[in-house]
1. Of the accessible area of the range B:246-356, with the probe set at 1.4 angstrom, what percent is carbon plus sulfur?
2. Which angle from 0 to 90°, rounded to the nearest 10, does the C-alpha axis of helix B:102-112 make with the longest principal axis of chain B?
3. May I ask you to give the solvent-accessible area per residue for the range B:246-356, in square angstrom, as obtained with a 1.4 angstrom probe?
4. Relative to the longest principal axis of the C-alpha atoms of chain B, give the angle of the C-alpha long axis of helix B:176-193, reported between 0 and 90° and rounded to the nearest 10°.
5. Out of all DSSP beta bridges in the range B:6-233, what portion is antiparallel? Express it as a percent rounded to 5.
6. Answer with one residue from A:Ile75, A:Ala196, A:Ile32: the one whose Cα lies farthest towards the positive end of the charge dipole of the protein assembly as shown, charges on Cβ with Lys, Arg +1 and Asp, Glu -1.
7. At each listed q (0.07, 0.10 Å⁻¹), what is the log10 of I(q)/I(0) that the Debye formula gives for the protein assembly as shown modelled as equal alpha-carbon point scatterers?
8. Quickly work out the B:Asn29-to-A:Arg188 label distance, labels modelled 7 Å from Cα along the C-beta direction, and quote it in nm with one decimal.
Amino acid sequence: MSTTTPTSGRGAARRRALIGRTVFAGPGLIYITAFMAIPVLLVLVYSFFQRGRFGGIVWEFTFDNYVRAFEPVYIQVFSNSLVIAGTTTLLALLIGYPTAYAIAKLPARWRTVALVMVVLPFWTNFLIRTYAWIILLNSEGPINSSLVDAGIISAPIGLLYTPGAVIVGLVYAYLPLVILPVYASIERLDRQLVEAAGNLGASRARAFFDVTLPLTLPGVMIGAIFVFVPSLGNFVVPELLGGGKTVMVGNLIRDQFLEARDWPFGAVLALFVISLLVILFAMQAAISRRINGTGKRMSSRA
Amino acid sequence: MTLETPLLTITGVSKAYGDVVALDNVSLNIRQNEFFALLGPSGCGKTTLLRSIAGFEDPDVGSISILGPDSSTPINLLALPPNKRPVNLMFQSYALFPHMNVRKNIMYGLQREGLSKEEIAQRVEEVLVTTGLTDKASVRPAQLSGGQRQRVALARAIVKRPRLLLLDEPLSALDRKVRAEMQIELKRLQHEVGITFVVVTHDQEEAMSMADRIAVMHEGRVQQIADPVTLYAQPANVFVADFIGSGSLLHGTASESSFSAYGSTFPCHNPDHISGGAVLVLRPEDVRVTGVTSTDNPLLVGTIIETHFYGGSSSTSVRVPEVEDVIVASHPGAPQHHVGDQVGLSWDPQTAVLLQVHP
Ligand SMILES: Nc1ncnc2c1ncn2[C@@H]1O[C@H](COP(=O)(O)OP(=O)(O)O)[C@@H](O)[C@H]1O
Ligand SMILES: [Mg+2]
């Protein structure tokens, strides 16, 4: 009889904890399931069927959409996108890491000010900010005219509507997404570890590469993913700053849904991007665990 | 006392963080091969002093110099960056590199010296044996116990064979039993490797049992520097008397050969000719528990509130109505009285230390 009484110590406590957790996690879970998991599932389902004539789906099972994705023209778009997103990520890290480092070393009250400034651009409209780059980069724009005035170039050069312009626009758009996670990891880093390296004979540069950099790598990877994946999927910047000449996966997906009305093929392309995201995050998690040496924590606690 | 030049000379070092004075005109010498302890309550500036020696804090004023390798010319430490100072610091939190295993942690400092692979490997193996970490060599710090981490931190510091090893509360994170073992091990290591140790602690028993000499610090100032016995028998001031050992303090006024407190006057030994506000320090082993009759001639009368039997000896705590401190008497054998008994207390005026109170 006593085995069924719910008041028996640990069982009841565990149940209460579970209920508590469900109550708090509930709204978030429902939101994510409704607006994230279900659409992804739909995309997965669509990818195996045929396109309807004016959009939508004809429920006839096929692998054709997947086969088509490997046609040279699409491979080209993919590799284009990877190069542009990769370059964007690299540049964003090269600019973002020192920025984050400098912010983390500021006196406490200036840190908040600097962080607000980093996210400030997010408070203005993304399209407006991207249009501003058109003004900056076009042949009569301030960049070209000051280069001509300075005598560095004799005539305006074509900055706009190039892959370079797309990269500049993407770096600008996603830089805060690198700075914030990198800042968090530098801020969290135990300052004494760097001092210990110095005490053991490492110069400041040496201590940075031996201690600071490896231990902030998890933050760096998060930042990289935050830039890489949305860069890959962005279609506004390639269109506005690339002038439609630079086609990226994002444009391709958008076109499939809105113009070509080929939902199943669009679904396949979207799935590729989603899978890439999942793989990257899994890699990030594995590497973070390795770096912190906590991979076997469960067994060592026993 | 030897006249040899000290290994480390700290002269007039002060350091303030805003309004907080962490170090106030600290001067002390550390001799070659000695086990030196910096003792004081939390927040008295011990860590700040060690960090100044290691190069992670810049003193506002003062100088710190260490004897050069040729043992003749002193080197101005403050002019050197941390990585160029011949001093190793074992951090209070150990600061082990979480992304390196035990062997790599220990190797790190030797690699920075640019030693040959063979020499590094040999020295690392040696120190792994000395610290009993051989079977943990390829494990990450996250998988070690507190005591093991402490040993890795120690190994990482001593493998460098520094002239001076600074240890910031090396044992405070360990539980009582492990701590006692580690105290012995630290002493043994110091003899074995022949390095000068400066150990920071807030535990007076730890300092007393391990150190050759102790500097007692309080609010950024050095209160007294002496060997443990002197510190106990001849405390320089009330703070030291109170902090070291388990004495009771009587507050009163001193004149040439007597001490008045709580309406009574006690004979006392006053070699320093103290007068005015003073404190009489009663160590448990100097206090006798007596009867209360006039033949017993007690100096104070009180009620027993506690007795403890430690096997070979016992202690009796007596509450005297006017006195703030409970007075503790220790004596060999079993307790002679019971809680609640009225007893007298007396002591030999020659043994009780009289200290001036500075207003
Ligand atoms: N970086 C710092 N900024 C401000 N105050 C500090 C800093 N480091 C130490 N202090 C202050 O200086 C005093 C001495 O600190 P510390 O040397 O750590 O003492 P201990 O090691 O003896 O406990 C304390 O009051 C502490 O709050
Ligand atoms: Mg401290």
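The values are calculated or read from the model by the stated rules, or taken from the named source; none is laboratory data. Everything numeric in this text was worked out from a predicted model, so none of it was measured. Methodologically, a virtual Cβ is constructed for each residue, glycine included, from the backbone with ideal geometry; neighbour enumeration extends over all protein chains shown. Protein only, heavy atoms only, side chains kept; ligands, DNA and RNA dropped before computing areas. Shrake-Rupley method; radii C 1.70, N 1.55, O 1.52, S 1.80 Å.
1. 52 percent
2. The answer is roughly 70 degrees.
3. Per residue, the range B:246-356 has 48 Å² of solvent-accessible surface.
4. Relative to chain B, helix B:176-193 is tipped by roughly 60 degrees.
5. That works out to approximately 55 percent antiparallel.
6. Projecting each Cα onto the dipole axis, the largest value belongs to A:Ile75.
7. -0.74, -1.08
8. 5.0 nm
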